[in-house]
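What follows is one structure encoded as structure tokens, with my remarks underneath.
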Amino acid sequence: MIKRETYMRRIRPFIGSELIKVLTGIRRSGKSVMLNLIQDELTERGIDQRQFICLNFENMSNAHLCTAAALHEEIIRRAAGIEGKVYLFFDEIQEVKSWEKCINSFRVELDCDIYITGSNAKLLSGELATYLAGRYVEFVIYPFSFEEFTELYLTVFPNTDTRQCFSKYLTLGGMPYLSNLSYDENASRQYLKDLFNSVELKDVVKRNNIRDVDMLERIISYITANIGTTFSSTSVSRYLKNEGRSVSPETVLNYIKACTDAFLFYQVKRQDLQGKKILTVNEKYYVADHGIRDAVFGGNMKDINLVLENIVYMELLRRGYTVTVGKVSDKEIDFVCENQGNKLYVQVAYLLSSDDTINREFGAFFGIRDNFPKYVVTLDEFDMSRDGIKHRNIRDFLLAKEWI
């Protein structure tokens, strides 16, 4: 188990506070492990583990506690036998009906420190979430970064260099459980397919009462095939009509929203950098884990340019950046990234194999007059930096501690 210090640094200041710590993210991204890491941290601080109450609501033995009233009664009973502060850890809390009511009640009734996880973005956007307004802090847990993947991969294959690690990361992605399978390709692909089916069924179909599963799967396939490509719900609707399936643009949007709520996809809006406004049409989408894409739909190596984009985008999110696609006149910048007043521009390409490619990737920045860092990220091994624009090999970019 690795420490996932990127997340622990953010969570640590809130440990022991009255704010409810909410960990969200795609199913099996490591949220349960984060709860264990927090418990380890508390133990190191001298907290007795007998003060911990831990429940996973996907465990059938806890099915009788999946209502607010039943959970409230159980926790109040167990807390009565604990001296000092009570530490509550609830995994996949969305399985508990009206969970916000009892969580808020614990906050009022008990001297407690509360940590919850959930696999749906709607967790904190529903009507009942008003019970927790201003009383929680959220942390999104993503699949492994390339650095985290490399750390674990090297424990299994210690004589591997970073090029080989990246080659494996390109196809398998960063879902944490793969290390338990020793990164065996067949076993890993089967696991990722089953994980995708679980996300689709439990977090998309079931949670949104979707009846036309075939249509959902067609829309998911379309988005997955077109990651990093701008398109509209109307264009998806038109494509499906040509395939013999009529669906309205509104339904397409609703299905895509259900997938983004389940953290399967992430939407990236476009920004006019000259007019300084967000554009309302033709967003881009990226998949939470490119390994799932390859296992279920294939084509990571064929679409390597888009997959590299996907990898860089997810790394930007991990590091806390808000990301948009930049538009400057007729040029497009892959990622415009902002974090607490700091800004970064990133272009991603496979290889700078021709003068036309070099001019296109570096030229995208020429209309930007500020002095924030500008990067072109590719698989090339040689540094082609020019005109104040930095060129980085993608492995070096992903492993860099900071981008200056």
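The values are calculated or read from the model by the stated rules, or taken from the named source; none is laboratory data. From a predicted model like this one, the values you see are computed outputs, not experimental measurements. Neighbour counts run over all protein chains shown; Cβ positions are idealised from the backbone, glycine included. Each accessible area value is taken on the protein alone, full model and side chains, heavy atoms only, with ligands, DNA and RNA left out. Shrake-Rupley method; radii C 1.70, N 1.55, O 1.52, S 1.80 Å.
Numbers below:
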{"quantity": "Single condition L170 does not satisfy, out of (1) closer than 26 Å to R9 by Cβ; (2) in contact (Cβ under 8 Å) with a residue 60 or more places away in the chain; (3) not basic (K, R)", "calculated": "(1)"}
{"quantity": "Matching residues in the stretch 1-23 - criterion: being outside any loop (DSSP other than H, G, I, E, B) and of a type in the set (V, I, T)", "calculated": "T6, I11, I20, V22"}
{"quantity": "Boolean, L308 is touching a Cys at 6+ places or on another chain (Cβ under 7 Å) and assigned to a helix (DSSP H, G or I)", "calculated": "no"}
{"quantity": "Pair list, Cβ < 7 Å and 6+ apart or interchain, from the stretch 24-53 residues that are without any contact (Cβ under 8 Å) to a residue 24 or more places away in the chain and assigned to a helix (DSSP H, G or I) to residues that are among the hydroxyl-bearing types (S, T, Y) and open to solvent by 30 Å² or more (accessible area, probe 1.4 Å)", "calculated": "Q49/T43"}
{"quantity": "N342 closer than 27 Å to I141 by Cβ, open to solvent by less than 20 Å² (accessible area, probe 1.4 Å) and among the polar types (S, T, N, Q)", "calculated": "no"}
{"quantity": "Qualifying residues in the stretch 30-54 (those that are touching a helix residue (DSSP H, G or I) at 6+ places or on another chain (Cβ under 7 Å) and more than 21 Å from I82 (Cα to Cα)) - the one most open to solvent (accessible area, probe 1.4 Å)", "calculated": "V33"}
{"quantity": "Filter result for I311 (at pLDDT 95 or above, surrounded by fewer than 18 Cβ atoms within 10 Å (Cβ to Cβ) and hydrophobic (A, V, I, L, M, F, W, C))", "calculated": "no"}
{"quantity": "Set I404, I394: member being open to solvent by 30 Å² or more (accessible area, probe 1.4 Å) and within 27 Å of D272 (Cα to Cα)", "calculated": "I404"}
{"quantity": "Test: residue in the stretch 113-127 that is among the charged types (D, E, K, R), open to solvent by 40 Å² or more (accessible area, probe 1.4 Å) and in a helix (DSSP H, G or I)", "calculated": "yes"}
{"quantity": "So Q190, is it within 22 Å of E58 (Cβ to Cβ), of a type in the set (S, T, N, Q), open to solvent by 50 Å² or more (accessible area, probe 1.4 Å) and out of contact with any Pro (no Cβ under 7 Å at 6 or more places or on another chain)", "calculated": "yes"}
{"quantity": "Top-ranked residue of the stretch 239-287 - restricted to ones that are without any contact (Cβ under 8 Å) to a residue 60 or more places away in the chain and among the small types (G, A, S), ranked as surrounded by the most Cβ atoms within 10 Å (Cβ to Cβ)", "calculated": "A258"}
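A quick yes/no check of all residues on (1) of a type in the set (G, A, S); (2) out of contact with any strand residue (DSSP E or B) (no Cβ under 7 Å at 6 or more places or on another chain); (3) under 25 Å from N305 (Cβ atoms):
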| site | (1), (2), (3) |
| --- | --- |
| L178 | no, yes, yes |
| V204 | no, yes, no |
| N208 | no, yes, no |
| D212 | no, yes, no |
| T224 | no, no, yes |
| I227 | no, no, yes |
| S237 | yes, yes, no |
